[in-house]
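One structure is given here, and the rest of the page talks about it.
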Amino acid sequence: MLNIVLFGPPGAGKGTQSVHLVKSYGLVHLSTGDIFRSNIKGNTELGKMAQSYMDKGQLVPDDVTIRMLESEVDQHREAKGFIFDGFPRTTAQAEALDAFLDNRNTPVACMLALEVDEAELKSRLLARAETSGRPDDANPVVIQKRIDVYNAETAPVAGHYAAQGKFTGIDGIGAVEEISDRLKAAIAL
Ligand code: AMP
């Protein structure tokens with residue numbers, strides 16, 4: 001199994017790069033943001049609850065998010081591995097993921113962190129809003145909140161994996177293919 005945590009602030013390119021990594025390594029892509037959005041579309045109770053947080057740029061509570069992610073992992077018992085995109089976003093989520101995967105003897109192999117400066121993130125998110133239809137990409141106040149939440153609650157998760165010797169920073173600026181080559185080079189190490 002190859003389990004990769006693809007990390008980085010909103011707009012860093014995690015979703016885009018996940019598509020490339022899925023193609024190259026045959027992994028299952030789990031994006032908690034995508035799963036929440038599909039629940040919102042399906043008008044589920046989970047979706048309704050998550051939306052109230054997402055619309056404000058806040059994190060959905062850990063207990064709900066962790067339970068949802070674990071259930072998704074358990075639905076892919078045949079997987080060669082996973083790309084975790086947008087999860088874990090808090091230290092509590094990282095600890096829960098480690099314990100859950102240790103139980104299944106398939107730990108996180110590495111965290112690859114896409115590094116992009118704040119000005120570039122904001123311009124990418126506003127550009128993405130034109131096609132994504134995501135309300136949280138279209139509103140500069142919500143974008144700022146998401147970046148602030150990332151800095152306060154999510155950035156420390158890098159330290160969690162650095163302490164395990166699993167952290168690699170990747171320059172997230174450049175052509176999509178170039179960045180994808182950087183990620184593959186880091187995975188090959
Ligand atoms: P994303 O698609 O990763 O940009 O996530 C969109 C929104 O979904 C975030 O701003 C959060 O409100 C929510 N979300 C996604 N993943 C998580 C997570 N791991 N923990 C809490 N909230 C999350």
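The table that follows gives values for the structure above.
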read-out	value
At R0 = 35 Å, FRET efficiency that the Cβ-Cβ distance of Asp181 and Glu153 yields, to 0.05	0.70
Separation between Cα centres of the range 130-175 and the range 20-36, rounded to whole Å	17
Choice from Ala79, Ala163, Ala92 showing the highest fluctuation, given a GNM over the chain with Cα pairs closer than 10 Å	Ala163
The range 95-168: proportion of alpha-carbon pairs further apart than 14 angstrom, %	70
Most mobile of Pro88, Pro135, Pro107 in a GNM of the chain (Cα contacts under 10 Å)	Pro135
The range 2-188: Lys pairs at Cα distance under 22 angstrom, eight or more positions apart or on different chains	19
Overall Cα dimensions of the chain - principal axes, largest extent first, Å	40, 38, 29
Top of Gly165, Gly57, Gly133 by mean-square fluctuation, Gaussian network on the chain, Cα under 10 Å	Gly133
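Quick note: the coordinates plus some simple rules give every number you see, no bench work behind them. None of the values given here were measured: they were computed from a predicted structure. All Cβ positions, glycine included, derive from the backbone under ideal geometry; neighbour counts span all protein chains shown.
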